[in-house]
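Participant: After the structure tokens below, expect a handful of questions from me.
The values are calculated or read from the model by the stated rules, or taken from the named source; none is laboratory data. What you see is a predicted model; the values in this text were computed from it and never measured. Here the Cβ is made from the backbone with ideal geometry for all residues, glycine too, and neighbour counts use every protein chain on show. In case anyone asks, the SASA skips ligands and DNA or RNA and just uses the protein heavy atoms, side chains included. Shrake-Rupley method; radii C 1.70, N 1.55, O 1.52, S 1.80 Å.
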Amino acid sequence: METFIITAIEIQFAGQTRRLAFTSAELVIVTDYGSALWYLDVNHIEDTELLQWFADSENILVHVTAGSGSGAIFEGTGYFHPNVKHQGAAIRGEGELLSR
């Protein structure tokens, strides 16, 4: 398992692109038994309207680009699971996560 502190996140969904403003985020990559799973845990997202949109939507698929504090850039597709009450979200990866 690898973890990365994330400092910037941009998501694309439903024809829109948004940069998220948040207090902290962590990318977790789990590699067990030859397959890799990944997810982002994002805390205190300022855009409550965006969180509510995802809470009400059936289409929660997003393309995400995330930058780490070390300068690495990660890109992938995932599902945006909002937590409106706590102003957070988990983005559960779907498929490969690319890094550059």
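Participant: Could you tell me whether GLY15 is surrounded by fewer than 16 Cβ atoms within 10 Å (Cβ to Cβ), small (Gly, Ala, Ser) and either touching a strand residue (DSSP E or B) at 6+ places or on another chain (Cβ under 7 Å) or closer than 20 Å to GLY95 by Cβ (or both)?
Facilitator: On the way: surrounded by fewer than 16 Cβ atoms within 10 Å (Cβ to Cβ): yes; small (Gly, Ala, Ser): yes; either touching a strand residue (DSSP E or B) at 6+ places or on another chain (Cβ under 7 Å) or closer than 20 Å to GLY95 by Cβ (or both): no.
When the stated conditions are applied, GLY15 does not pass them.
Participant: Would you mind finding the one in ILE9, ILE5 that is out of contact with any His (no Cβ under 8 Å at 6 or more places or on another chain), assigned to a strand (DSSP E or B) and open to solvent by 80 Å² or more (accessible area, probe 1.4 Å)?
Facilitator: Sole residue among the options that is out of contact with any His (no Cβ under 8 Å at 6 or more places or on another chain), assigned to a strand (DSSP E or B) and open to solvent by 80 Å² or more (accessible area, probe 1.4 Å): ILE5.
Participant: Okay, moving on. Restricting to the range 22-81, give me the number of residues that are small (Gly, Ala, Ser), in a strand (DSSP E or B), touching a residue at least 40 places away in the same chain (Cβ under 8 Å) and under 13 Å from ALA8 (Cβ atoms).
Facilitator: 4
Participant: When the residues of the range 49-80 are narrowed to those that are among the polar types (S, T, N, Q) and more than 19 Å from THR7 (Cα to Cα), which ends up surrounded by the fewest Cβ atoms within 10 Å (Cβ to Cβ)?
Facilitator: So, considering only residues that are among the polar types (S, T, N, Q) and more than 19 Å from THR7 (Cα to Cα), the one surrounded by the fewest Cβ atoms within 10 Å (Cβ to Cβ) is ASN59.
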